[in-house]
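The values are calculated or read from the model by the stated rules, or taken from the named source; none is laboratory data. None of these values were measured; they are calculated from a predicted model. Positions of Cβ are backbone-derived with ideal geometry, glycine not excepted, and every protein chain shown enters the neighbour counts. The accessibility values were calculated without ligands, DNA or RNA, using every heavy atom of the protein model including side chains. Shrake-Rupley method; radii C 1.70, N 1.55, O 1.52, S 1.80 Å.
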Amino acid sequence: MKTAVYPGSFDPVTLGHYDIIERTAKIMDRVVIGVLQNKSKTPLFSAQERVKMLEEVTKDLTNVEVRCFDGLLIDFARSCNAKVIVRGLRAVTDFEYELQMAQTNRVIAPEIDTLFLNTNLKYSYLSSSIVKEIAEFGGDIRGFLHPQIAQKVIEKFAQGKNLETK
Ligand code: ADP
C-alpha cells in the first residue's frame with residue numbers, strides 16, 4: 001500500500017490545498033494530511049478546528065485521512081508508514097525553501113522521498129495568509145475556499161479576531 005503524507009498549516013484549507021489533495025489521492029493508495037501544530041506561529045484556527053475543516057472537505061475522498069502532528073515531519077511520515085511526502089509548488093519563491101527541506105529530510109530519512117506537485121494555474125497565487133488578509137478587511141473570499149470554510153473564516157473575524165492579536 002503506497003501511503004503519502006501531505007503536511008502543512010492549513011490555516012485554513014484553501015482550494016489550492018484541496019487540488020493537491022485530490023490529485024495525490026488519485027496517485028497514491030492512501031493519503032494522510034498532517035496538520036502542523038506549530039507552537040511558534042499563532043494560527044487563526046486551532047489545530048482541532050483545522051483538522052475538522054479538512055475532514056469536512058475531504059469526506060468524499062475515501063483514501064484520505066487527517067491527523068495532527070508536532071515535531072519532525074519524517075517522524076510523522078514514519079508513524080504513518082509513508083514513504084512519500086507531498087508538497088505543492090506554486091512559484092519559484094516556494095522552490096528554494098522546499099528544496100532545502102526535501103534535501104535535509106532525505107539525508108535524515110533516505111527511505112522517504114518528497115514528491116512535488118505543481119499548483120493548478122487557477123490557484124498559483126493562492127495562500128492561506130492572503131485569504132486571511134482579504135477576509136480581515138471584509139473582502140470577498142468565496143472564490144478561494146469551499147463555501148463552508150469561507151463561512152468559518154468570516155465568522156472568526158466577526159468574533160473580533162484580527163491577524164495582529166489572533
Ligand atoms: P500556506 O503557504 O498557504 O500557509 P501551508 O503551509 O498550509 O500553506 O502549505 C502546505 C502545502 O501546500 C505546501 O507544500 C504549500 O506549498 C502547498 N500549497 C499551499 N497553497 C497552495 C496552492 N494554492 N497551490 C498548490 N499548493 C499549495
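Measuring against 29 Å, Cα to Cα, the residue pairs LYS83/LYS152; LYS41/LYS152; LYS52/LYS132; LYS52/LYS122; LYS83/LYS161; LYS59/LYS122 contain LYS83/LYS152; LYS83/LYS161 as the ones spanning a longer distance.
Protection proxy ranking, highest mean first, for peptides 82-93, 117-128: 82-93, 117-128, where packing is the per-residue count of other beta-carbon atoms within 10 Å, averaged. The 3J(HN,Hα) values that the Karplus relation (6.51, -1.76, 1.60; θ = phi - 60°) gives for the stretch 114-130 are, in residue order, 9, 10, 9, 10, 6, 5, 5, 3, 4, 10, 5, 9, 8, 9, 4, 5, 5 Hz. Gly and Pro appear as x. Within the same chain, aspartates and glutamates fewer than 8 places from LYS156 are excluded, and of the rest, those with a Cα less than 20 Å from its Cα are ASP11, GLU49, GLU55, GLU56, GLU133, GLU136, ASP140, GLU164. Using a cutoff of 8 angstrom between alpha carbon atoms and counting only pairs six or more residues apart, the relative contact order for the chain works out to 28 percent. Rounded, prolate or oblate for the stretch 27-83? Axes are the square roots of the Cα gyration tensor eigenvalues, ordered a ≥ b ≥ c, and the cut-off for rounded is a/c under 1.5. Because a/c hits 1.5 or more and a/b fails to exceed b/c, the stretch 27-83 counts as oblate. Based on the alpha-carbon gyration tensor of the chain and its eigenvalue square roots a ≥ b ≥ c, which shape applies: rounded if a/c is under 1.5, prolate if not and a/b is larger than b/c, or oblate? Judged from the Cα gyration tensor, the chain comes out prolate (a/c at least 1.5, a/b above b/c). The amide H of LEU89, built 1.01 Å from its N in the peptide plane, has LEU117, ASN118, THR119 as neighbours under 5 Å, considering only residues 5 or more places off or on other chains.
Summarise the accessible area of the chain (1.4 Å probe, protein heavy atoms) by the percent that is carbon and sulfur. Summing carbon and sulfur atoms, their accessible area is 53 percent of the total for the chain.
Gain on full extension, evaluated as 0.36 nm per residue between THR93 and GLN159 minus their Cα-Cα distance, stands at 20.4 nm.
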